[in-house]
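Data first, discussion second: the structure below is written as structure tokens.
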There are 2 protein chains.
Amino acid sequence: MADTQPPVEPPNPNEEGEDKGPSKSALKKAAKAAEKEKKKAEAAAKKQEQEQQQEKAEADNDYASEFYGVLPLHQSQSRPNRERDSIAGLPNKIDKTVFFRARVQTSRAQGNKMVFLNLRQGTDTVQALLIVTPEKISKQMVKWAAGLADESIVLVEGVATQTQEPIKSATISNVEVHVSQLHLIAGLDARLPFTVEDANRPELESDSSDAQYKRVLLETRLNNRVIDLRTNTNQAVFRLQSAIGDFFRQFLSENGFIEIHSPKLQGAATESGASVFKVSYFKGNAFLAQSPQLAKQMAIAADFERVYEIGPVFRAEDSNTHRHLTEFIGLDLEMAIEEHYHEVMELLDGMLKHIFTGLRNKYKKEIETVQKQFPADDFKWREGPEGTLRLTFREAVEILVEDSVPREELNDFSTENEKRLGRLIKAKYDTDYYIIDKFPMELRPFYTMPDPEDPTLSNSYDFFMRGEEILSGAQRIHDAKLLCEKMQNKGVDPESMKPYVDGFRMGCPPHGGGGIGLERVLMLFLKLNNVRRASLFPRDPKRLEP
Amino acid sequence: MADTQPPVEPPNPNEEGEDKGPSKSALKKAAKAAEKEKKKAEAAAKKQEQEQQQEKAEADNDYASEFYGVLPLHQSQSRPNRERDSIAGLPNKIDKTVFFRARVQTSRAQGNKMVFLNLRQGTDTVQALLIVTPEKISKQMVKWAAGLADESIVLVEGVATQTQEPIKSATISNVEVHVSQLHLIAGLDARLPFTVEDANRPELESDSSDAQYKRVLLETRLNNRVIDLRTNTNQAVFRLQSAIGDFFRQFLSENGFIEIHSPKLQGAATESGASVFKVSYFKGNAFLAQSPQLAKQMAIAADFERVYEIGPVFRAEDSNTHRHLTEFIGLDLEMAIEEHYHEVMELLDGMLKHIFTGLRNKYKKEIETVQKQFPADDFKWREGPEGTLRLTFREAVEILVEDSVPREELNDFSTENEKRLGRLIKAKYDTDYYIIDKFPMELRPFYTMPDPEDPTLSNSYDFFMRGEEILSGAQRIHDAKLLCEKMQNKGVDPESMKPYVDGFRMGCPPHGGGGIGLERVLMLFLKLNNVRRASLFPRDPKRLEP
């Protein structure tokens, strides 16, 4: 274990001797022929067995060869600082020796002298080839390579060779690696629940929002999420998730926002009494924040002017739909306003369009990768000078009424009516993205600022993607007296939220904001049909693992 | 409520008439002089009272004047789109009309014709002046301005005027705003628990790590955090906190990392049985994650190669020290390694130095602002080619032993010995920042990779700032068999963490990482002496609010 330098190579087995067949007999008595044939067969079988034993012995002997074998567990013994290649970069390394770590997606022997490996790094795959070659690639080495379990991790040295014909089974189709050394970094200790190749197969398109994978069921995938996450789709999905966060922060940072971190442990069940998770907190109880709403408003009362937060949001709602999680990532922001709450609405709109444009322009490869498994029309938004489509709640109601939805159903929008509205808007305005403004006051939480002209309406808005809500926001009440009045109207005792209300008693500027569900934006941009696919390790009422 | 345009101005009161004194009498009988004087005084008093009533009536009448008064609550009625200035930008607006929203830090009347306001935006303050001026500034307006409560929010129009002498009470010392209009956006509904001016006064330097504020106690501040956060110090502290997150992400993004979000709700109490918070989860229980350790390792087993997470970490430890919180922000990362775990250690080192350099170069103003209240030597790290100081645990022990600490105390480092080591290292190497490598295996969690040469040691490290640990990390065990063995040694049943262990059974590359406490880095960089000062709304065993 003293050194990562490979141990001394064992004597090379004489490969010439291995192919000897049994000697042939020709001139014998016919009567003893059958007997002799039998003996011959036995002898042949015995010889074969001996050969197998010899091969095994040689293989055992050869196991820690300079050219192949298992690397020491720890690594971390020495640092030769040898540069590693990426599979994606191999086309620039034609005829050069390359050296890289990769997964064995599949290994396929051809006879006993040749093996093809499909090697993977993230979403990139390349074909590698081992052929028995004297003093370079032993028969044992080929056999060993052929026996590598799918999903093993190997360290490969070889020459990047231009192929005559494109290799369809690999994403790098014009390069084949002619392997000179192959070492196992990490093998498998268990059977794969499904292969990554199977999990990569395209979904059939479906109208159902809860469409199950055809080849590998969603439930099976989520139970074995570590394997499922290795698919091209998921490698791309979570790069896109990370990118959404980056674009969100970038836009807000450029617009004078700072990032805050508010506590998820709360002394009292917050907001409008919706279901919260209770936590045992030393000798008492705490509650998990349903949103950073109260804290970010207090940050405004504390003069931070423009704040955002990216953090977990907890909802103890027992709903197992395609779009609810008990824990999701909220992209939240809050800002002081100068003249009108539309300042916030327009900033949110600008931010979302910055995300959409950023994804389309910089993550084309990832989006196309996902579309191979989840075929969908590209996400569409209005980019012309007419700007994002904005409707009032009342206008949206009229669109649905015109489409024969009974008006009495439309005091609020059901999920079904929301989707219907999305289809009608797509047909009429050719956009997957729009804003609905001026929601009725009674549909909104107590901290929502009423409309100054019509107190049954509110200065609040929702944003939609493909007919589903992804953002909810509003101007908030910054006046303590009005806030207390609205709390009491909704049955919330202002005393139960004293630190929050006190923030406004000490003077708070007019402000507004919004909260976005990260997983929903990701799901709807890509049309993944189930929010669980947009969460690394999703949580719902029935799932707390892995 | 129809419009934000100010209502029609009420008739301007005749200001000439206001200063009339009682008429004087001169040649009267001496016998009636006293009586008359008394009557005169009564008349004067009556007249004064009438005048006061008249003034009040005028003030009431004048209250919604074009030039001053209370703005309608909602704002959001119209959008004149009038540009707003920042106090920081006023020196570039000399002799121009400026228009901005600000807090009234103080208002101070001089006689009844003049009032000085100290106006604040974040850490910037400017002096504003109202002088009674015919047809512009009424006496009522001056009186009204003088009566504005500290911490009221006002909208100010005026002319930015160069001052003859620097104004020491304002951060913008060469500009005074000659106010022409003044409107109240938000007043106060309660008495301030302390003034922001008081809360801004410098701390006395103290050796005690739990030093209390001299002027306003930490407890009082935290109970009234919204006011406390308005101090210059806190405005700067939380800009610096946001900046640390930015530099962290920037460095990692440039080094091929993606951001992940792992669930805080866990099905089982995780890691080495340390205290976790229990959550009621529908009909069962869940636990709050003590770190994203397991999830980020699973992300490595899932081929994401390099991942980071910024998120809350929950620790149910009943310790009320200056450096423990029950909820803090973890800056966590995990990465596959190629040859040696020092790849991770060096990346973490590079990342921290990127943060330190970024703060020093881009946030000079904020650091200096904090130092006014918390005097401290600038944070020092080695920037030369010799690199960051690295010691092994054994070497660190020897340094303490040489300083007469009994060796038998040094199986682990107490907080006291850590600080002592920090002072010794500062004296010897002139650095506030160093790494201790190769901790004994028994001090580290089960998932830590043992040293390949000496199994009593581990491939693990801690990073220190000013003698306190801010980062803990290691190479992790990626081999399921060894992992299970180590779990059993530490009394953890591998079956209780099956989804985690399964990740390694399916092949996982060698990897390592680390976790940083954001608040600790902030506290120690600035020497705030108490981690609560580095948390927006801190949580400890005794504090769940605000």
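The values are calculated or read from the model by the stated rules, or taken from the named source; none is laboratory data. On a predicted model such as this, the values are computed, not experimentally measured, just so you know. Glycine gets a Cβ as well: all are built from the backbone with ideal geometry, and neighbour counts include every protein chain shown.
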### Query
With respect to A:GLU135, is the statement that it is at positive phi, crowded, with 19+ Cβ neighbours inside 10 Å and not polar (S, T, N, Q) true?
no
### Query
Would you call A:ARG249 touching a residue at least 40 places away in the same chain (Cβ under 8 Å), under 17 Å from A:LEU347 (Cα atoms) and under 24 Å from the mean Cα position of the chain (by Cα)?
yes
### Query
Limited to region A:427-469, what total is found for residues that are within 13 Å of another protein chain (Cβ to nearest Cβ) and among the aromatic types (Phe, Trp, Tyr)?
1
### Query
Is it the case that some residue within region B:460-472 is at pLDDT 95 or above, out of contact with any helix residue (DSSP H, G or I) (no Cβ under 9 Å at 6 or more places or on another chain) and either farther than 30 Å from B:LEU359 by Cα or surrounded by fewer than 21 Cβ atoms within 10 Å (Cβ to Cβ) (or both)?
yes
### Query
Is it the case that region A:11-18 has a residue that's closer than 27 Å to A:GLU176 by Cβ, at pLDDT 60 or above and not polar (S, T, N, Q)?
no
### Message
Please determine whether any residue of region B:491-503 is of a type in the set (D, E, K, R), outside the structural domain of B:TYR341 (by TED's automatic domain parsing) and free of Cβ contacts under 8 Å to residues at least 12 places away in the same chain.
### Response
no
### Task
Evaluate the following for A:LYS296: is it over 29 Å from A:SER242 (Cβ atoms), of a type in the set (Lys, Arg) and more than 8 Å from chain B (Cβ to nearest Cβ)?
no
### Query
What's the number of the condition B:ASN255 fails, among (1) more than 7 Å from chain A (Cβ to nearest Cβ); (2) surrounded by 20 or more Cβ atoms within 10 Å (Cβ to Cβ); (3) in contact with a Leu (Cβ under 7 Å, 6 or more places away or on another chain); (4) not aliphatic (A, V, I, L, M)?
(2)
### Message
On the basis of being buried (at least 16 other Cβ atoms within 10 Å of the Cβ), over 25 Å from the mean Cα position of the chain (by Cα) and either under 30 Å from B:GLU309 (Cα atoms) or basic (Lys, Arg) (or both), does B:PHE393 make the cut?
### Response
yes
### Query
Assuming B:GLU398 fulfils every condition listed in (1) over 25 Å from B:LYS490 (Cα atoms); (2) charged (D, E, K, R); (3) in a loop (DSSP other than H, G, I, E, B) apart from one, which condition is it?
(3)
## Note on the structure
The correct count of residues that are closer than 18 Å to B:MET114 by Cα and either in contact with a strand residue (DSSP E or B) (Cβ under 7 Å, 6 or more places away or on another chain) or more than 14 Å from every other protein chain (Cβ to nearest Cβ) (or both) in region B:148-165 is 10
### Query
Going through region A:448-459 one residue at a time, which ones are buried (at least 20 other Cβ atoms within 10 Å of the Cβ) and either closer than 22 Å to B:LEU229 by Cα or among the charged types (D, E, K, R) (or both)?
A:ASP451
### Query
So A:ARG539 clears everything in (1) at pLDDT 95 or above; (2) in the same structural domain as A:LYS365 (by TED's automatic domain parsing); (3) in contact with a strand residue (DSSP E or B) (Cβ under 9 Å, 6 or more places away or on another chain) except one condition, right? Which one?
(2)
### Message
Can you pull out every residue in region B:66-106 that is part of a strand (DSSP E or B), within 12 Å of chain A (Cβ to nearest Cβ) and more than 30 Å from the chain's Cα centre (by Cα)?
### Response
B:VAL70
### Task
Determine which member of the set A:LEU544, A:LEU536, A:LEU524, A:LEU518 is away from chain B (no Cβ under 12 Å) and buried (at least 21 other Cβ atoms within 10 Å of the Cβ).
A:LEU524
### Message
Every residue in region A:322-337 that is within 27 Å of B:GLN77 (Cβ to Cβ) and not in a loop (DSSP other than H, G, I, E, B), please.
### Response
A:ASP332, A:LEU333, A:GLU334, A:MET335, A:ALA336
### Message
Any residue at all in region A:64-81 that's buried (at least 16 other Cβ atoms within 10 Å of the Cβ), under 27 Å from B:VAL344 (Cβ atoms) and among the charged types (D, E, K, R)?
### Response
no
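Yes or no, residue by residue, for (1) among the hydroxyl-bearing types (Ser, Thr, Tyr); (2) in a loop (DSSP other than H, G, I, E, B); (3) in the same structural domain as B:GLU338 (by TED's automatic domain parsing):
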| position | (1), (2), (3) |
| --- | --- |
| B:ILE436 | no, no, yes |
| B:PRO445 | no, yes, yes |
| B:PRO455 | no, yes, yes |
| B:TYR461 | yes, no, yes |
| B:LEU482 | no, no, yes |
| B:GLY515 | no, no, yes |
| B:ASN529 | no, yes, yes |
### Query
Just to be sure, is B:LYS419 more than 14 Å from chain A (Cβ to nearest Cβ) and touching a strand residue (DSSP E or B) at 6+ places or on another chain (Cβ under 9 Å)?
yes
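Let's see how each residue does on (1) outside any loop (DSSP other than H, G, I, E, B); (2) at pLDDT below 90; (3) farther than 24 Å from A:LYS364 by Cα; (4) not basic (Lys, Arg):
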{"residue": "A:GLU203", "(1), (2), (3), (4)": "no, yes, no, yes"}
{"residue": "A:ASP207", "(1), (2), (3), (4)": "no, yes, yes, yes"}
{"residue": "A:ASP210", "(1), (2), (3), (4)": "no, yes, yes, yes"}
{"residue": "A:ARG215", "(1), (2), (3), (4)": "no, yes, yes, no"}
{"residue": "A:ARG230", "(1), (2), (3), (4)": "no, no, no, no"}
{"residue": "A:ALA236", "(1), (2), (3), (4)": "yes, no, no, yes"}
#### Entry: Residue match in region B:363-370 (condition: in a loop (DSSP other than H, G, I, E, B) and at pLDDT 95 or above)
yes
### A:LEU524 being part of a helix (DSSP H, G or I), in contact with an Asp or Glu (Cβ under 8 Å, 6 or more places away or on another chain) and at pLDDT 95 or above
yes
### Summary
Residue count, region A:281-321, condition among the polar types (S, T, N, Q) and not in a loop (DSSP other than H, G, I, E, B), comes to 3
### Task
May I ask you to verify whether B:VAL313 is more than 14 Å from chain A (Cβ to nearest Cβ), β-branched (Val, Ile, Thr), closer than 27 Å to B:PRO538 by Cα and crowded, with 18+ Cβ neighbours inside 10 Å?
no
#### Entry: Index of the failed condition, B:VAL132 passing every other in (1) out of contact with any Gly (no Cβ under 6 Å at 6 or more places or on another chain); (2) modelled with pLDDT of 95 or more
(2)
### Query
Which of the residues belonging to region A:107-147 are in contact (Cβ under 8 Å) with a residue 60 or more places away in the chain, within 14 Å of another protein chain (Cβ to nearest Cβ) and in a strand (DSSP E or B)?
A:ARG120
### Task
Return the total of residues in region B:148-191 being closer than 16 Å to B:GLY69 by Cβ, of a type in the set (S, T, N, Q) and touching a residue at least 60 places away in the same chain (Cβ under 8 Å).
2
